[in-house]
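**Student:** Provided herewith is a single structure, encoded as structure tokens, for subsequent inquiry.
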Amino acid sequence: SLTSLNVTGDVTFGDNDKAIFGAGSDLQIYHDGANSYIQNVTNSLIIQNDSDDKQVLIKSDNGSGGVADYFRANGITGEALLYHYGSEKLATTSTGIDVTGTVTATGDYVNSGHLLHNNNSGLKIIGGGNATNAGSNLTLYGGSSASAGTFRFRNGTETHLDVAGNGDISFYEDTGTTAKFFW
């Protein structure tokens, strides 16, 4: 049993030979001939950089034979940054997140303080304005663009107003089943 070891050169391990740390072999670092592993079997694995104003980076192949950033913990600005092939796509900020590019959501999401839900029947806005933006304009599209689809005001299953993509406007009676005024 050694009490200390001072190595001034490389330490070479063969395939499947492990550098093992901890009384219960808690942390193991090894290569199996195909892949490399940092394997933790007890509690949390912590990657920590104590150097002032420095960063933690995770890099991988960029799809073109080079290497690119995929994640960066920025110790200068406090941001956590996510990349796609080295192009920044998401950054945390002190007030939320900044996204570069298109956001695709498959469920409910919040946009400018309004809850939106996207399903197969179109986009629904749940809720409305508030005291700080009640006087603001609201533009809604009843389809994938300004000229497509039907814009509909409903209360549950009752339709009260339809504005069709061709400009036809229909107002419905109190049950929401029959148009009583058509323009």
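The values are calculated or read from the model by the stated rules, or taken from the named source; none is laboratory data. Everything numeric in this text was worked out from a predicted model, so none of it was measured. Quick reminder, even Gly has a Cβ in these numbers, built from the backbone with ideal geometry, and neighbours come from all protein chains shown. Ligands, DNA and RNA are excluded from the accessible area calculation, which covers all protein heavy atoms including side chains. Shrake-Rupley method; radii C 1.70, N 1.55, O 1.52, S 1.80 Å.
**Student:** Using a cut-off of 14 Å between alpha-carbon atoms, which aspartates and glutamates can reach LYS180, once sequence neighbours fewer than 8 places away in the same chain are excluded?
**Tutor:** GLU158, ASP162, ASP168
**Student:** Right, something else. How far apart, in nm, are two points set 7 Å out from the Cα along the Cα-to-Cβ line at ILE76 and at LYS18?
**Tutor:** 3.9
**Student:** If I model a spin label at ASP168 and VAL11 as a point 7 Å from the Cα along the Cα→Cβ vector, what separation in nanometres do I get?
**Tutor:** The answer from the label model is 7.9 nm.
**Student:** Please work out how much length the chain gains when fully extended from THR92 to THR177, using 0.36 nm per residue of separation minus the C-alpha to C-alpha distance, in nm with one decimal.
**Tutor:** Gain in length upon complete extension: 25.9 nm.
**Student:** Whenever you get a sec, compute what percent of the accessible area on segment 28-91 sits on carbon and sulfur atoms (1.4 Å probe).
**Tutor:** Carbon plus sulfur share of accessible area: 48 percent.
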